[in-house]
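In what follows, a single structure is set out as structure tokens and then discussed.
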Amino acid sequence: AKLNGKNQYSIYRTELDGEQAKQSEEMVKNLEQAIESDQIDVYYQPKIDAKTEDIAGFEALVRWQHPELGIISPGLFVPLAEQSGLIHKIGLLVIEKAARCLKAWQTRYELPLTMSINLSPIQLNDNRLIDRISYVINQTGIQAKYLDFEITESEKFKSVKDALVMFNRIVDMGCTLSIDDFGTGHSTLDYLRKIPAKTLKIDQVFVKNIGLSPDDEAILDATIDMAKRVGHFIVAEGVETESQRQYLSHKGCDYFQGYLFSRPLPATKIEDILDQRAQILKNY
Ligand code: C2E
Ligand code: MG
Ligand code: MG
Ligand code: MG
């Protein structure tokens, strides 16, 4: 009976995997169509200067505007895009859209705004990425130093050595690098030593646990201290409350991102915010 049960289980598994495979095949087709029909959109979340509380720049966050399902978040389709290779196209779309928006905003508001763009480790496995970024820079007329690329350490790199070569090429172009989600996943201290990054982004988990977990607070404090001592800027992600802001500000964080200041918004809504800001300054 035992053996039988095991067999049944494995048959069930195979059917389930088959069903799942079909579903994700279907999703890949949908995603391909979404790219062709311009359903891939970019939202922008303001990055706030901790000292002035003014907008210093943005993080570009991809969205899938599905005609029936509405907005689909990257957590749901980026993994699929990575598996299928569509991430190369999507990633390039994000870079193009974000750079074009940034150039328009810098010009209209006369501000040295920056744009941070997430790179998937899969994108870094393709050498052509560098030429594509360089093409976008030339096309949009943006200065490379305003483009920042957010990277994570990952098991998805074909080789860490090759990834490091790519990181250096990005920096050689004049762009900057940020280490995203620091303190979770695969980020290690060795990574911090080797990557030519300017900024370290502290993961939301640690921000969430301010005042809740003394252990996480200790890790947070030590991370900020270490990052400062190796000369990195620090961005805190997921800042939702005033007490979190105060804590992080007191510890010396340079920039904040989070719902306390703004959710990620479509470009038109960001323009409303920048218009308002300009209006306030004019009346001041
Ligand atoms: P991430 O790069 O760490 O981005 C931060 C995530 O935190 C975003 O989720 C953002 O909407 C969310 N967030 C910001 N402030 C708060 C807050 O105060 N509270 C909470 N609870 N959440 C906050 P989102 O947009 O769903 O993106 C999720 C992840 O998807 C990103 O994490 C990034 O890893 C990936 N992703 C997003 N856009 C792209 C892209 O263009 N390319 C690639 N390869 N990955 C992307
Ligand atoms: Mg990010
Ligand atoms: Mg992050
Ligand atoms: Mg994150």
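The values are calculated or read from the model by the stated rules, or taken from the named source; none is laboratory data. The structure displayed is predicted, hence computed values, not measured ones. So basically every Cβ, Gly included, is an ideal-geometry build from the backbone, and we count neighbours across all protein chains shown. Heavy atoms of the whole protein, side chains included, go into the accessibility calculation; ligands, DNA and RNA do not. Shrake-Rupley method; radii C 1.70, N 1.55, O 1.52, S 1.80 Å.
Any idea what the relative contact order of the range 146-196 is, in percent, if you count C-alpha pairs under 8 Å spaced at least 6 apart?
Computed over the range 146-196, the figure is 52 percent.
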Highest-first arrangement of 67-77, 104-114, 139-149, where packing means the average Cβ count within 10 Å
139-149, 104-114, 67-77
Starting from the 7 Å offset along Cα-to-Cβ, what nm value, one decimal, do you get for the label separation of A218 and H66?
4.4 nm
Write down, largest first, the equivalent ellipsoid semi-axes of the range 24-144 in whole Å, where each equals the square root of 5 times an eigenvalue of the alpha-carbon gyration tensor.
27, 17, 13
Most fluctuating residue given options T199, T188, T223, as computed from a GNM of the chain linking Cα atoms under 10 Å
T188
Farthest toward the dipole's positive end in the chain, which of I202, I71, T241, given Cβ charges of +1 (Lys, Arg) and -1 (Asp, Glu) about the Cα centre?
I202
Quick one: compute the contact order of the chain, relative version, from alpha carbon pairs under 8 angstrom and 6+ residues apart, as a percent.
16 percent
As a test, work out the antiparallel percent of DSSP beta bridges whose residues both lie in the chain, rounded to the nearest 5.
45 percent
Using modelled amide H (1.01 Å from N, peptide plane; none on Pro or chain starts), what sits under 5 Å from the amide H of I234, excluding residues fewer than 5 places away?
L200, D254, Y255
Over the Cα atoms of the chain, what radius of gyration and what Dmax do you get, in Å?
20.9, 82
Separation of the K158 and Q39 label points, Cα + 7 Å toward Cβ, nm
3.0 nm
Global form of the range 106-148, assessed from the alpha-carbon gyration tensor, a/c cut-off 1.5:
oblate
How many Å² of accessible area per residue for the chain, probe 1.4 Å?
55 Å²
Provide the solvent-accessible area of M226, counting protein heavy atoms only and rolling a 1.4 Å probe, rounded to the nearest 10 Å².
50 Å²
Rounded if a/c under 1.5, otherwise prolate or oblate - the range 211-284, Cα gyration tensor axes
prolate
Table column - 3J(HN,Hα) (Hz), the range 159-170, Karplus curve with 6.51, -1.76, 1.60, x for Gly and Pro
8, 4, 4, 5, 4, 5, 4, 4, 4, 5, 5, 4
What is the Cα centroid distance between the range 37-74 and the range 211-284, reported in whole angstrom?
16 Å
Would you please put 267-276, 81-90 in order of how densely packed they are, using the mean number of other Cβ atoms within 10 angstrom per residue and starting with the highest?
81-90, 267-276
For every helix of n ≥ 4 consecutive DSSP H residues, a contribution of -39,500 (n - 2.57) applies; sum these over the chain, divide by its total residues, and give [θ] at 222 nm rounded to the nearest 500 deg cm²/dmol.
-17000 deg cm²/dmol
Who wins for biggest fluctuation among S120, S262, S37 in a Gaussian network model of the chain, springs between alpha carbons below 10 Å?
S37
Simple label model, 7 Å out from Cα along Cβ direction - R229 to Q246, nm:
2.8 nm
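I'd like the carbon and sulfur percentage of the solvent accessible area for the range 29-154, probe radius 1.4 Å, heavy atoms only, ligands and nucleic acids excluded.
Whole-percent figure for carbon plus sulfur exposure: 48.
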Can you return the lysines within cross-link range of K228? Criterion is Cα-Cα under 18 Å, with same-chain partners fewer than 8 residues away left out.
K51, K194, K198, K201, K251
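From the convex hull of the Cα coordinates of the range 140-284, what is the mean projected area in square nanometres?
Numbers: hull surface 44.1 nm².
Quarter of the Cα hull surface area: 11.0 nm².
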